[in-house]
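The values are calculated or read from the model by the stated rules, or taken from the named source; none is laboratory data. Nothing here was measured: the structure is a model prediction, and the numbers come from that model. Glycine also receives a Cβ, built like all others from the backbone with ideal geometry; neighbour counts cover every protein chain displayed.
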Amino acid sequence: MSTISERYLQKLNSIPAPGGGGCHQALLGVANLGLYAGRSLHELFDDIKLNIPNGGRQVDDREIVDAINKAQQDYNKKGYVPAAKKPLVKLDGQSALNVIIDENIDIAEPIELLKRSPYKLDPKSEINPTVLLETLYKPDDVLFIGDRYSKTVKTVAEWCVDKKLTTYPHVMPNALTGNLGKTKSDKDSYRCDACVKDYRFAVVEFDNIGMKQQIAFWITMIEKGLPIAVLIHSGKKSIHGWLAVNCKNVSEWESEVENKLFPEILKPLGVDSACKNESRLSRLPGYIRDNNFQKILYLNPDCGVSNNE
């Protein structure tokens with residue numbers, strides 16, 4: 001006879017695709033078994049969210065939460081667990097962020113990110129901008145590197161032999177066409193949103209939590225398998241994370257990144273929502289800012305362009 005935990009896993013792995021296949025009702029059944037199997041409310045939410053297959057419609061977080069809350073109410077009515085000990089799940093971004101941070105706050109030091117880096121970093125490679133460029137791009141990819149007012153774009157191969165490379169504070173993660181485009185104010189530019197060629201990376205940055213909390217957040221995200229291409233210490237108070245979103249075109253970027261990823265997931269967690277445009281700047285390793293190096297803390301070659309073609 002199978003155990004409750006085994007039955008829970010079986011039911012979890014057999015959630016039907018949403019869109020007419022009984023997915024909505026199945027969520028309640030999964031939630032009921034999950035409570036009996038001893039899953040916490042947050043574990044139950046993550047389990048369900050990660051195991052819903054693609055279908056004819058999208059299941060939003062509220063539908064999952066409603067199923068968990070209904071299951072918990074039924075569970076409490078039957079007398080198994082006092083309601084006071086299992087409060088209802090709330091879609092509270094700050095609470096969710098705290099849960100993520102708390103998983104690894106006790107070990108939140110830069111060395112823990114370096115340990116988890118698929119590309120083995122040493123003090124020299126951490127501050128070597130060519131390590132970043134050669135790992136994530138092709139030699140003929142066109143990038144913007146400079147300060148906020150610079151206009152120069154060049155290929156990766158050209159940037160890698162630029163003797164002034166470490167004097168530039170910024171890099172634009174997404175490769176460009178190399179052609180003039182129009183800004184939103186109708187000015188000519190080589191580095192605006194309209195000039196983006198490859199919609200590979202979304203920049204994620206917190207501006208309202210401390211460094212230790214940021215490190216804990218990123219450790220947890222690495223452990224959960226988030227496709228993080230690189231984490232760069234800004235030289236001051238923040239870490240810039242590049243998520244490998246790999247959108248096919250501007251329409252997909254707007255749909256998946258600007259209209260879903262940032263407003264529905266990242267902004268509620270406290271991520272700077274100004275980062276959502278495709279020509280967003282990030283920090284270039286090797287630049288000295290306020291007597292501190294901007295440096296790489298984590299680098300994943302699997303998120304490089306050669307692995308996405």
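Listed by first and then second residue, the pairs linking a residue in the stretch 203-227 that is free of Cβ contacts under 8 Å to residues at least 12 places away in the same chain to a residue that is of a type in the set (Ser, Thr, Tyr), with Cβ atoms under 8 Å apart and 6 or more places separating them unless they lie on different chains, form an empty list.
The residues of the stretch 10-26 that are surrounded by fewer than 18 Cβ atoms within 10 Å (Cβ to Cβ) and under 23 Å from Glu223 (Cα atoms) amount to a single one, Asn13. If you take the residues of the stretch 128-153 that are of a type in the set (Asp, Glu) and closer than 16 Å to Arg200 by Cα, which of them is surrounded by the most Cβ atoms within 10 Å (Cβ to Cβ)? Here the answer is Asp141.
Please work out if Asp290 is more than 18 Å from Met172 (Cβ to Cβ) and more than 13 Å from the chain's Cα centre (by Cα). So Asp290 passes the test.
Condition check ((1) part of a helix (DSSP H, G or I); (2) among the hydroxyl-bearing types (Ser, Thr, Tyr); (3) out of contact with any Lys or Arg (no Cβ under 7 Å at 6 or more places or on another chain)) across all residues:
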| position | (1), (2), (3) |
| --- | --- |
| Tyr119 | no, yes, yes |
| Thr130 | yes, yes, yes |
| Thr135 | yes, yes, yes |
| Glu158 | yes, no, yes |
| Asp162 | no, no, yes |
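Among the residues of the stretch 151-169, those identified as in contact with a strand residue (DSSP E or B) (Cβ under 6 Å, 6 or more places away or on another chain) and closer than 19 Å to Lys295 by Cβ are Trp159, Tyr168. The set of residues in the stretch 61-71 being closer than 22 Å to Pro263 by Cα and touching a residue at least 24 places away in the same chain (Cβ under 8 Å) consists of Asp61, Arg62, Glu63, Ile64, Val65. Listed conditions (1) under 27 Å from the mean Cα position of the chain (by Cα); (2) closer than 14 Å to Ala71 by Cα are all met by Asn13, apart from (2). Asp140 meets the conditions (1) over 25 Å from Val245 (Cβ atoms); (2) part of a loop (DSSP other than H, G, I, E, B); (3) of a type in the set (Asp, Glu) in every case but one. The failed one is (1). Within the stretch 27-64, the residues that satisfy the criterion of being among the basic types (Lys, Arg) and surrounded by fewer than 20 Cβ atoms within 10 Å (Cβ to Cβ) are Lys49, Arg57, Arg62.
Remark: Val171 matches the filter, which requires a residue to be touching a Lys or Arg at 6+ places or on another chain (Cβ under 9 Å) and β-branched (Val, Ile, Thr). Look at (1) without any contact (Cβ under 8 Å) to a residue 24 or more places away in the chain; (2) closer than 20 Å to Val305 by Cα and you find that Lys163 fails only one, number (2).
With respect to Ile265, is the statement that it is over 25 Å from Leu143 (Cβ atoms), modelled with pLDDT under 95 and among the aliphatic types (A, V, I, L, M) true? Considered against the rule, which asks whether it is over 25 Å from Leu143 (Cβ atoms), modelled with pLDDT under 95 and among the aliphatic types (A, V, I, L, M), Ile265 comes out as yes. Filtering the stretch 7-18 for residues that are touching a His at 6+ places or on another chain (Cβ under 9 Å) and either closer than 24 Å to Ala96 by Cα or not assigned by TED's automatic domain parsing to the domain that holds Pro268 (or both) leaves a non-empty set.
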